[in-house]
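Each remark here refers to the structure printed beneath this line.
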Amino acid sequence: MFRPRSLALVAAVATTAATGCGGGDLAITTFGEDFIETAIPSEFFADGGSVAFSKFLVTFSEMTVNGADGKVGGEVAGPVVFDLHEAGPAEVATLTGLEARRYEDISVAVGPATDATLGGNAASDDVEFMKAQGFSVFVEGSVSQNDVDKTFAWGFSTNTRYVDCELEDGSLGVVVPPGGAGEWQLTIHGDHLFYDDLASEDAVLRLSAIMAADSNDDDVIDIGELNAVDLTSLPADQYGVGGASDVLSLGDFVGALSRTLVHHTGEGECTAEKR
Amino acid sequence: MAVSRGYRCLGLGGAIATGMLVAASGAGCDDAPAPQSIALTVAIDGVGLEGLQSTGGYVVTVTAASLCIEQLQTHAGEAVLASTQPSRLPRGWPSVGEVRDALLSFSSARAHPGHYDEGGLMGEVTGTTVVDLLATTATTATTMPVGDGISGHHGSASITLCTDAGPDGALLLEGRASRDGTDVGFRFVVQAPEVIEGIPVDVELGGDGALVVHVDLAGLLGRVDFDAFPAQSPPVVPTAPPPGSQPDNAVGRAIRASSTYHVELLP
């Protein structure tokens, strides 16, 4: 069964979990960690600078919990918007009465908000904004480098399904303990938006190209300005795209990074399927 | 990832000798065949020359193109940004359009940039090989020395270009770009970047295998802004772009992009 965090979410949830002896619960939460809630400090950027988010909205949907053997655990349909800048972890939903076992196959989608989108911990105005814009991710904040401060407000309509999620130790999915509660945290890594490579193991956080994208020098870096920066105008050893040959501009690049935000309970990873 | 580092340090022979490849290839499962040592052959050719036009509208004619490669490795791990669907790569010798379509079709990745999970080493071919990318065709692709590998699924590849390739660099591209009566002579000499990882392969080898690497010349030159070259008076001659200029960066980026290399089974 599903215990919703708000009455409004009830209608958006498919309750498929089985109830049985020795069952347990699974709490699904989401967390932006210090990087989103507070700031990304300068020591994390290869070229100096810092980032502070003031808003970090994510539209989650299609959270599924299943066994590798086909055992159906449960599903939270959503879509539902959370603001990761708010202090967390925030409760998304709790699946109750699940058979105690490992559920190897968990997945979640981050896709464009629709008319059916509900509010998680996000303000109602923010939910309406996401619906009106059809955004899956919207981030707002400030960047500082070399005593220059600029702001940004970027929305993305990327549609990504995160599958095959594994914990940092490599174990797949989540465990529901008998008589207890397991946790699946949708950990959002806000620093990913500032990585300088889509494929290299040596990717680092970098700000200079983003700061320089403010072509009209109004101290606001908008998506149009990012889109106007052709990657071939940047040094050849930065902003590598690996196999993503359709990523041509800095805007494309940050958009591609917006498909890499969701992690499994801290540093665990998923496979992100573009759709 | 940590496992694959171990294989790389050991070398393929060492990995086989110590039995480490068993874990990487899934042997030991009830019905999985044990991996076998196989011979691996790699051929290299150039594609994308026909009708080559830059994004700025220049018609590009390449008069010299060579690539120096030191090593190709294949790995069990799927390529970054590779499709999880069954391979959509064209079989047989693809047209330029087919190669481009295939390169653009990749749709998934590990949700962490910089975390390409190459998995276990599956094959290794070593030996400095200079490939004339203009002379190679379906029947004359330059072949590297025969290497070795193991049977099973080869999901991705990495290529090491020559770090000591002489005056022609790891990549030489020479030719002329023309638009509206303006001709620009170009000569790119590109030194080897870091190992190029995460090249999609998606090949199942049950025994000795032969792969072909198609190097996409359109991918290498297509985004060069030939307007950024210094003005040239007739007769134009091959001219190097200023270091750090857009043309220099465009080719320097393209040689690093795994999408420039398309690997498939040699038919």
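We did not get these values from a lab; they are worked out from the coordinates using the rules stated. For clarity, every value in this text was computed on a predicted model and none was experimentally measured. Here the Cβ is made from the backbone with ideal geometry for all residues, glycine too, and neighbour counts use every protein chain on show.
Cβ-to-Cβ counts within 10 Å put B:CYS68, A:CYS165 in ascending order as B:CYS68, A:CYS165, the fewest first.
How much net charge surrounds A:ASP126 when only the other residues with a Cβ under 12 Å from the Cβ of A:ASP126 are counted, with Lys and Arg +1 and Asp and Glu -1?
On the way: positive: A:LYS55, A:LYS131; negative: A:ASP83, A:GLU86, A:ASP125, A:GLU128, A:GLU140.
Within the 12 Å Cβ shell, the charges total -3.
Within the same chain, lysines fewer than 8 places from A:LYS150 are excluded, and of the rest, those with a Cα less than 24 Å from its Cα are A:LYS55.
If we count other beta carbons within 10 Å of each Cβ, what is the order of A:LEU226, B:LEU266, B:LEU40, fewest first? Don't skip to the end; give the middle numbers.
Numbers: A:LEU226 21, B:LEU266 16, B:LEU40 24.
Going from sparsest to densest Cβ surroundings: B:LEU266, A:LEU226, B:LEU40.
Database remark: amide H of B:GLU118 closer than 5 angstrom to no amide H (H placed geometrically; neighbours at sequence offset of 5 or more, or on other chains; Pro and chain starts carry no H). Return A:ARG259, B:ARG256, B:ARG179 ranked ascending by Cβ neighbour count within 10 Å, so the fewest neighbours appear first. Fewest-to-most ranking of A:ARG259, B:ARG256, B:ARG179: B:ARG179, B:ARG256, A:ARG259.
If you count, for every residue in A:235-241, the Cβ atoms of partner chains within 10 Å of its Cβ, what is the mean? Intermediate results must be reported in sequence, preceding the final value.
Working: counts 5, 12, 6, 2, 1, 9, 8.
Mean partner shielding for this stretch: 6.
Subtracting the Cα-Cα distance of A:ASP149 and A:SER42 from their residue separation scaled by 0.36 nm leaves 37.2 nm. Show log10 I(q)/I(0) for region A:143-268 at q = 0.09, 0.15 Å⁻¹, two decimals, from a solvent-free Debye sum over equal Cα scatterers. These q points yield log10 I(q)/I(0) values of -0.33, -0.77. Solvent-free Debye calculation, one equal scatterer per alpha-carbon of region B:130-235: log10 I(q)/I(0) at 0.10, 0.15, 0.24 Å⁻¹ equals -0.43, -0.84, -1.49. Cα centroid separation, region A:100-132 to region A:147-220: 17 Å. Taking amide H atoms as placed 1.01 Å from N in the peptide plane, the amide H of A:GLU269 lies under 5 Å from those of A:GLU166, A:HIS264, each 5 or more residues away in sequence or on another chain. Computed over chain A with a Gaussian network model linking Cα atoms closer than 10 Å, the most mobile of A:GLY74, A:GLY170, A:GLY49 is A:GLY170.
In sequence order, region A:205-215 has phi-based couplings of 7, 8, 10, 4, 5, 5, 4, 6, 5, 6, 5 Hz under the Karplus curve 6.51 cos²θ - 1.76 cosθ + 1.60, θ = phi - 60°, and Gly or Pro positions carry x.
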